[in-house]
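I have placed the structure first, in the form of structure tokens, so that the comments after it can refer back to it.
The values are calculated or read from the model by the stated rules, or taken from the named source; none is laboratory data. Since the model is a prediction, treat every value here as computed from it, not as a measurement. FYI the Cβ positions are ideal-geometry reconstructions off the backbone, even for glycines, and counts take in every protein chain you see.
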Amino acid sequence: MVVVIHKSGDLTRKPEDCGLFQRFAFSNASVLEDGTLELALNTPVSLQVGDEGIIGRRVSVFSDAGMSSALAEGIVGFNFTNSL
């Protein structure tokens, strides 16, 4: 499985037309005792808006490195919640 974070957040365009911001494959992931996956990234992912952040960017998930058709796509977002 391959995750691609695109430069653009435009879902009306083809994934290949949205540029590449970061890409990582789950082939190097470790399965933990509780069944979750852990994946060390070569470059940290910044959870912010702006040139270096991923908030507002398009994300595509592909089954293989060929990236022929996306299994899932969306936009990275963040919601603040108020504590009660």
(request) Give the residues of segment 12-30 that are at pLDDT below 95, of a type outside the set (S, T, N, Q) and in contact with a strand residue (DSSP E or B) (Cβ under 6 Å, 6 or more places away or on another chain), sorted by residue number. (result) PRO15, CYS18, ARG23, PHE24, ALA25, ALA29
(message) Would you confirm, using the coordinates I've provided, whether SER27 is in contact (Cβ under 8 Å) with a residue 60 or more places away in the chain and of a type in the set (S, T, N, Q)?
(response) no
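Scanning for something small (Gly, Ala, Ser) and farther than 17 Å from SER8 by Cα, does segment 53-60 turn up at least one residue?
No: segment 53-60 contains no residue that is small (Gly, Ala, Ser) and farther than 17 Å from SER8 by Cα.
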(request) Can you tell me which residue among VAL61, VAL76 is touching a Leu at 6+ places or on another chain (Cβ under 6 Å), touching a residue at least 24 places away in the same chain (Cβ under 8 Å) and within 19 Å of MET1 (Cα to Cα)? (result) VAL61
(message) Go through segment 51-69 and report how many residues are modelled with pLDDT of 90 or more and either within 13 Å of the chain's Cα centre (by Cα) or of a type in the set (Gly, Ala, Ser) (or both).
(response) 10
(message) When you check GLY56 against the structure, is it at positive phi and touching a residue at least 40 places away in the same chain (Cβ under 8 Å), yes or no?
(response) yes
